[in-house]
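S.K.: This is the structure I want to talk about, given as structure tokens.
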Amino acid sequence: MTPILLAIALLLFITFGYASVCAASPFGNCRKCNGFGFAMTTDRKGRPKRGKNCRRCKGHGKRIRVGRWLYNRAARTYRTGSR
């Protein structure tokens, strides 16, 4: 195989792999709180304790993946355009 065909095949594999991940699991862990839903702080003795709720995910710990967000936008645009 030539390097160009190998690169195209690799890009297609990565694209279809990410699309299948977005279809199977549309939500991923929040990048700010690592899926906890809150920030970890320490008390005066140095022990970890629960902090405030994460503002990005509003305390849920989950976020919508970029690919799923794009799919939802495209589907919504198609639905409103075909009415």
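S.K.: Select from the stretch 36-69 the residues that are closer than 30 Å to residue 23 by Cβ and open to solvent by 100 Å² or more (accessible area, probe 1.4 Å) and list them in ascending order. Give the derivation first.
M.R.: Filtering the stretch 36-69 for residues closer than 30 Å to residue 23 by Cβ gives 36-38, 53-69.
Listed by number, the residues that qualify are 36, 55, 56, 58, 60, 62, 69.
S.K.: Which members of the stretch 71-83 meet the condition of being free of Cβ contacts under 8 Å to residues at least 40 places away in the same chain, under 21 Å from residue 27 (Cα atoms) and either in contact with a Lys or Arg (Cβ under 6 Å, 6 or more places away or on another chain) or open to solvent by 100 Å² or more (accessible area, probe 1.4 Å) (or both)?
M.R.: Selection gives 73, 76.
S.K.: State yes or no: is residue 10 modelled with pLDDT of 90 or more, farther than 27 Å from residue 69 by Cβ and either part of a helix (DSSP H, G or I) or open to solvent by less than 100 Å² (accessible area, probe 1.4 Å) (or both)?
M.R.: Numbers: modelled with pLDDT of 90 or more: yes; farther than 27 Å from residue 69 by Cβ: no; either part of a helix (DSSP H, G or I) or open to solvent by less than 100 Å² (accessible area, probe 1.4 Å) (or both): yes.
Spelling it out, it is not the case that residue 10 is modelled with pLDDT of 90 or more, farther than 27 Å from residue 69 by Cβ and either part of a helix (DSSP H, G or I) or open to solvent by less than 100 Å² (accessible area, probe 1.4 Å) (or both).
S.K.: Still on this model: If you go through the stretch 16-39 one residue at a time, do you hit one that is in a helix (DSSP H, G or I) and among the aromatic types (Phe, Trp, Tyr)? Talk me through it step by step, then tell me what you get.
M.R.: Taking the stretch 16-39 first, the residues in a helix (DSSP H, G or I) are 16-24.
Filter once more, so that each one left must be among the aromatic types (Phe, Trp, Tyr): 16, 18.
Yes - at least one qualifying residue is present in the stretch 16-39.
The values are calculated or read from the model by the stated rules, or taken from the named source; none is laboratory data. In this text, all values refer to a predicted model and were calculated from it rather than measured experimentally. Glycine also receives a Cβ, built like all others from the backbone with ideal geometry; neighbour counts cover every protein chain displayed. Heads up: the accessible areas ignore ligands, DNA and RNA and are worked out on the full protein's heavy atoms, side chains in. Shrake-Rupley method; radii C 1.70, N 1.55, O 1.52, S 1.80 Å.
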